[in-house]
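Asks: I have a structure here, written as structure tokens, and I will follow up with some questions on it.
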Amino acid sequence: MKVEDLLFSLPLPVAITDGEGRITYTNQKFEFLLNRSFKYLKGKKLSEFFKNREKIEEQLKKSYTDLLEIFGFRDNNYYLSFSPLYVASKVEGVIVIVQPAEDNPFDEDILLLLKGLSHEIRNPLSGIKCAAKLFSQLKEYDEELVTVLLEETERIERLLDNVTKSFDFSLLNFEKTNIHRILQSVVKLFESEIREKGISIVYDFDPSLPEIPLDSDRMTQAIMNILRNAMEALSDSREKVIKIETGYAIQPSGFIFVRIKDSGAGMDEEELKKFLLPFFSTKEKGMGLGTFIAAEIVKRHGGELKVKSRKGYGTEVTVLLPMKRSDGKGSDS
Ligand SMILES: Nc1ncnc2c1ncn2[C@@H]1O[C@H](COP(=O)(O)OP(=O)(O)OP(=O)(O)O)[C@@H](O)[C@H]1O
Ligand SMILES: [Mg+2]
């Protein structure tokens, strides 16, 4: 198989340059990325098509001459990585792979953090699972304990899967969905807890809202995280009311909003600043991931999560969601 054939089938934009940084090869994904044909690109300087021209030139030369293994940096919305192309142990060019970068560099760090976290937890977890399984084969054992061990480990596994999936853009499965159905199904899931805690839910839905493109599993998860926080914030309140509102957003136009308003503990300025940060929690058993994941899911839908709060009075979390996807697939497509 030729190198070109291999690169052609890669799901990422790839180009090869010569020692002077001129394009000698691109795959189709790369042509799409720059919206230019290979015929046009061939022989042109790769750096012409990106922002940090000098840095790219420099890196291409380095990768070609210094045999630097792999090196990468960010250029605007892309992450470029460079590696020498060896043919019969001679450098014949430089392979450049382009990946879309997140708008917010912070997100990339978090992604790494979370991946690291799940990795770290996964290992001891499989140990616990094996032990529990062995334990269950012994003659004398506490069956109930074994069940708990297994169920708990599986629960954490599911949680980790959920966390990782929440950050995997490619897994979003958009379908036209009635947002009210999602809201009602989440309330239904919490029904017994709502009753036990004496919480009243007040609805103010705009029935004229269209169905919008959503990944309903992910959106359900996001709404669950927000509603759970609202319920938890009410634990010490006398008036336990959660209002769920929907409607057309005035600003920005083309969006609908879902607002979840509680009459609970509220947040002070400091807490409000940290509200969206991962691992920020004021709760004994909180992981501090609920709102972070909710915001991430909303962002991946092209929407935004906003919060207003007053200590001692309550909190309102607003989710703004576009009626159409940015690629044009939307409510009336
Ligand atoms: N509706 C709310 N009212 C008051 N404080 C809130 C509300 N929602 C979130 N917070 C504050 O923001 C923090 C972070 O919330 P987040 O959901 O991310 O984590 P958590 O609820 O502590 O833990 P978990 O990961 O289990 O959700 C909470 O610990 C709380 O201090
Ligand atoms: Mg929470």
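Yes/no per residue for (1) modelled with pLDDT of 90 or more; (2) outside any helix (DSSP H, G or I); (3) small (G, A, S):
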{"site": "L7", "(1), (2), (3)": "no, no, no"}
{"site": "P11", "(1), (2), (3)": "no, yes, no"}
{"site": "A15", "(1), (2), (3)": "yes, yes, yes"}
{"site": "L33", "(1), (2), (3)": "no, no, no"}
{"site": "R36", "(1), (2), (3)": "yes, yes, no"}
{"site": "Y40", "(1), (2), (3)": "yes, no, no"}
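Asks: Related question: Just checking, which of M267, M287 is surrounded by fewer than 19 Cβ atoms within 10 Å (Cβ to Cβ) and either acidic (D, E) or assigned by TED's automatic domain parsing to the domain that holds I201 (or both)?
Replies: M287
Asks: Which number in (1) surrounded by fewer than 13 Cβ atoms within 10 Å (Cβ to Cβ); (2) at pLDDT 90 or above marks the one condition that I56 misses?
Replies: (1)
Asks: Of the residues that sit in segment 227-245 and are touching a residue at least 60 places away in the same chain (Cβ under 8 Å) and in contact with a Phe, Trp or Tyr (Cβ under 8 Å, 6 or more places away or on another chain), which one is farthest from ligand 1 (Cβ to nearest atom)?
Replies: Here the residue is I244.
Asks: List, please: which pairs have Cβ atoms under 9 Å, are six or more places apart or on different chains, and start with a residue in segment 248-264 that is part of a strand (DSSP E or B) and at pLDDT below 95 and end with one that is within 16 Å of ligand 2 (Cβ to nearest atom) and of a type in the set (D, E)?
Replies: Partner pairs satisfying both residue conditions: none exist.
Asks: Taking S47, is it in a helix (DSSP H, G or I), among the small types (G, A, S) and either at pLDDT below 90 or under 14 Å from Q99 (Cα atoms) (or both)?
Replies: Here the answer is no, as S47 does not meet what is asked.
Asks: Out of (1) within 15 Å of T315 (Cα to Cα); (2) surrounded by fewer than 17 Cβ atoms within 10 Å (Cβ to Cβ); (3) among the acidic types (D, E), what's the single condition that is false for D262?
Replies: (2)
Asks: If we keep just the residues of segment 272-294 that are within 6 Å of ligand 1 (Cβ to nearest atom) and part of a helix (DSSP H, G or I), which is farthest from L227 (Cα to Cα)?
Replies: Taking the candidates together, the pick is F292.
The rows are residues; the columns are (1) surrounded by 15 or more Cβ atoms within 10 Å (Cβ to Cβ); (2) more than 33 Å from the chain's Cα centre (by Cα); (3) not assigned by TED's automatic domain parsing to the domain that holds E92.
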position	(1), (2), (3)
S9	no, no, no
L34	yes, no, no
G43	no, yes, no
F50	yes, no, no
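Asks: Turning to a different aspect of this structure: Against the definition (among the aliphatic types (A, V, I, L, M), surrounded by 15 or more Cβ atoms within 10 Å (Cβ to Cβ) and modelled with pLDDT of 95 or more), how does I297 come out, yes or no?
Replies: So I297 does not fit the description; no.
Asks: Here's a follow-up. Looking at segment 262-271, can you tell me whether even one residue there is more than 9 Å from ligand 1 (Cβ to nearest atom) and either on the phi > 0 side of the Ramachandran plot or touching a His at 6+ places or on another chain (Cβ under 9 Å) (or both)?
Replies: Scanning segment 262-271 turns up no residue that is more than 9 Å from ligand 1 (Cβ to nearest atom) and either on the phi > 0 side of the Ramachandran plot or touching a His at 6+ places or on another chain (Cβ under 9 Å) (or both).
Asks: Do the conditions hold for F82, that is, is it of a type in the set (F, W, Y), surrounded by 14 or more Cβ atoms within 10 Å (Cβ to Cβ) and outside any strand (DSSP E or B)?
Replies: In short, no.
Asks: How do the pairs read when you match residues in segment 274-301 that are touching a residue at least 60 places away in the same chain (Cβ under 8 Å) with residues anywhere that are basic (K, R) and surrounded by fewer than 21 Cβ atoms within 10 Å (Cβ to Cβ), using Cβ under 7 Å and keeping only pairs 6 or more apart or on different chains?
Replies: G290/R228
The values are calculated or read from the model by the stated rules, or taken from the named source; none is laboratory data. These numbers come from a predicted model, not from an experiment. Cβ sites come from the backbone with ideal geometry, for glycine too, and all protein chains shown count toward neighbours.
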